[in-house]
1. Has the stretch B:35-45 got any residue that is under 21 Å from A:Tyr213 (Cβ atoms), open to solvent by 10 Å² or more (accessible area, probe 1.4 Å) and more than 10 Å from every other protein chain (Cβ to nearest Cβ)?
2. Filter the stretch A:208-241 down to the residues that are surrounded by 16 or more Cβ atoms within 10 Å (Cβ to Cβ) and of a type in the set (D, E, K, R), then identify the one that is farthest from the other protein chains (Cβ to nearest Cβ).
3. Can you work out which of the residues in the stretch A:92-119 that are without any contact (Cβ under 8 Å) to a residue 24 or more places away in the chain and more than 17 Å from the chain's Cα centre (by Cα) is most open to solvent (accessible area, probe 1.4 Å)?
4. Just to check your reading of the model, which residue among A:Phe57, A:Phe87 is among the aromatic types (Phe, Trp, Tyr) and assigned by TED's automatic domain parsing to the domain that holds A:Phe201?
5. Failed condition for B:Lys229, given (1) basic (Lys, Arg); (2) under 17 Å from B:Lys329 (Cβ atoms); (3) surrounded by fewer than 18 Cβ atoms within 10 Å (Cβ to Cβ), with all others met?
6. List the helices (runs of 4 or more DSSP H) that sit entirely inside the stretch B:59-174 and contain at least 2 residues that are in contact with an Asp or Glu (Cβ under 9 Å, 6 or more places away or on another chain) and surrounded by fewer than 20 Cβ atoms within 10 Å (Cβ to Cβ).
7. Quick check on the stretch A:174-207: of everything there that is away from chain B (no Cβ under 14 Å) and among the small types (Gly, Ala, Ser), which residue is nearest to A:Phe243 (Cα to Cα)?
8. Restricting attention to the stretch B:277-309, report how many residues are loosely packed, with under 13 Cβ neighbours inside 10 Å and in contact (Cβ under 8 Å) with a residue 60 or more places away in the chain.
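The values are calculated or read from the model by the stated rules, or taken from the named source; none is laboratory data. Remember, it's a predicted structure, so these values are computed and weren't measured experimentally. Cβ placement follows ideal geometry from the backbone for every residue including glycine, while neighbour counts extend to all protein chains displayed. With ligands, DNA and RNA removed, areas are computed over all heavy atoms of the protein, side chains included. Shrake-Rupley method; radii C 1.70, N 1.55, O 1.52, S 1.80 Å.
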Amino acid sequence: MERWVNLSGAGKSAAPASARTAALVEFTLPKLLIVPALALIGLFVVFPLVWSVVMSFTNYSMLGVTARKWGFIGLKNYIWVLTDPDFQAAIANSFIFTIVSALIGQALLGLALAVVMRMKGPEGWVGAATKVLKVIAGALVFVAWIIPEVVAGYCWAAAMSRGGLFTAMFGINYNFYVRHPLQAMIIANIWRGTAFSMILFMAALESIPNYIYEAAEVDGATPWQRFRYVTFPLISNALLVDFILITVWTFGLFTLIFTLIGPQMDYMWTLYVYVLATGRMGPPWTGPGPLSTAAAAADIMFVIVLALITGYLYALRRLRRWA
Amino acid sequence: MSTVRLENVTKIFPPNVVAVNNANFKVEKGEFFVLLGPSGCGKTTTLRMIAGLERPTYGKIYINEQDVTDLPPRLRDVAMVFQTWALYPHMKVYDNIAFPLRLRKVPRSEIDRKVREVAKLLRIDDLLDRYPKQLSGGQQQRVALARALVRSPRVWLMDEPLSNLDALLRVQMRAELKRLQKELKITTIYVTHDQVEAMSMADRIAVMNKGRILQIAPPKEIYEKPRTKFVGGFVGTPPMNFIPVTFVVENDKYLLKGEGFSIELPKELGEYLREKVGDRAELDLGVRPEHIRISTSEEPNAIPATVYIVEPLGTETIVNVKVGETLVKIKVIGEALFEPSTRVWLVFDINKIHLFDTKTEEAVI
């Protein structure tokens, strides 16, 4: 009798134990598994961000006395950067470059291409021909996205040189990228980046079921109204993601700029290039390689990009609402 | 009030699927016209062609005698309830219903009045602030219905608009919809596979099967004079019973001979039949469950049968019996208690039997 009781008692305590293991696996383990990723993000994202903010208020530099004996100097770096005519020019360049090449060029062209790609062609051989054209066009756009930036940069430099493609096509008998570096960069960046937006929008459009358009058509919507009230709101999230990514990328573009207009970069500085350049030549209070001044410039750029993204969020939310 | 006319309309989906085969009909002003048929019979395709979402391969479609075959949907002034509901996922219920009115630049106050009115009718007035994904299937379907009903177009097109409602709500909505249609007198083409819905709502029914329209007639006529075996079998619950028989003329008697029985036809009917099919013919005897009487003793002209199973339904009872190898359903008002395997005799209401040619499946009488 005693043994029976003991046995059943053992059984009872065994069940909660296995339940505890299950809970551990189900709830605690996942949290533990995040830890390595969090540690890496902390080390390579959070720490540099915080350190760059701290550094921007010091006279820290890569070499020289201030590399070892640095101290806080207040807003001096910020004032130096903001009053630098080169910095002001870089801001203007960055804004024009991003708005024209990324937002208008890549995103708008990508959206237009995605819409065209998804359109139903007519029946018969015309439809078949359009289908083939679509595949070819899609492939060409995509190739621009896969080609390494260095190759793309030098190709464009060749095309825009005197005697190159631009001379043959438009009769431009000078080095286009030398005289018009901003325009050259805009063309190259649109060419290169449109594929990303196109693919993103194609995926977004694909997720809208066709019968919703049919309903809108029967409800009496014109093609424009179908885009404005059905397509646009339904892809606005993709639009936001696209805007954020291409803004960040275009602001941080370097390789394409360096390879295409490298020697002329002094005339076409973007913010990012300015930040990099400032790391070499800075104000007199820091030593060679004035990292602190560069950090101040980088932080300003960070705030600008953040403000832009906030602006997108706000604008899209307004547009999504009923007019 | 508008008319809709289809002239030799055929739709072939590539490579060679004939969805609709030479449809011809005219829907009159203010008529409630039902396209009835099993799934895949082409009724939805017919509706989509009238809406302008599909282009007929051959033939023409007229609304108010105006050729609309090549007109895009938005210029046809029709409203449609989709089988898939097709609600706008990014709009709240209110905006979904208001959408067609907003496109037409209807004043804000009028939109508000109309939306609330139709929402109340369909009992979704408490859901106006929700998004479609927050609703049940039945609720979403009523929103889709509301989006069509909120307008007064030339034609209402409805593709199974009540299929997802629960049984009770469906019966209620059926009545509401019919009343609204009669009140506003908007020409309506309604697609369903539910013959009860068709019978209860339609002014006329077109029964379709395999892309062909088999019969167009008022519900009563469809029920009483089915032109083909398919129509007879599709309309009515439980469906019409079919028993294979042979029509023979013996010593001036007109007989329907089946497995283990023989029915003598009245002279008039027999002579008529002889004129149509000759002295001998293979036929299918069709008789509705409510036109059979069960007798426990042998009677002249009665068919011997064995009780298979009894299904009591409350006000009526369905008695399943076997005549030879054929299962026959009989509707008995009230209670009918038969033990399985009981021997019974079936007496047919001879004026209400149908005979179909076994080969062509067309009605002989």
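1. At the first step, the residues of the stretch B:35-45 found to be under 21 Å from A:Tyr213 (Cβ atoms) are B:44-45.
From what's left, open to solvent by 10 Å² or more (accessible area, probe 1.4 Å): B:44-45.
With the extra rule that they be more than 10 Å from every other protein chain (Cβ to nearest Cβ), the set shrinks to B:44-45.
Yes - at least one qualifying residue is present in the stretch B:35-45.
2. A:Arg226
3. Taking the stretch A:92-119 and keeping what is without any contact (Cβ under 8 Å) to a residue 24 or more places away in the chain, we get A:92, A:95, A:99, A:104, A:108, A:112, A:116, A:119.
Retained after the next criterion (residues that are more than 17 Å from the chain's Cα centre (by Cα)): A:92, A:112, A:116, A:119.
Values: A:Ala92: 48, A:Ala112: 51, A:Val116: 76, A:Met119: 112 Å².
Among those that are without any contact (Cβ under 8 Å) to a residue 24 or more places away in the chain and more than 17 Å from the chain's Cα centre (by Cα), it is A:Met119.
4. Details: A:Phe57 fails: assigned by TED's automatic domain parsing to the domain that holds A:Phe201.
One residue alone meets the criteria, A:Phe87.
5. Only one criterion in (1) basic (Lys, Arg); (2) under 17 Å from B:Lys329 (Cβ atoms); (3) surrounded by fewer than 18 Cβ atoms within 10 Å (Cβ to Cβ) is unmet by B:Lys229, namely (3).
6. Correct list: B:93-103, B:108-121.
7. Among them, the one singled out is A:Ser197.
8. Qualifying residue count, the stretch B:277-309: 1.
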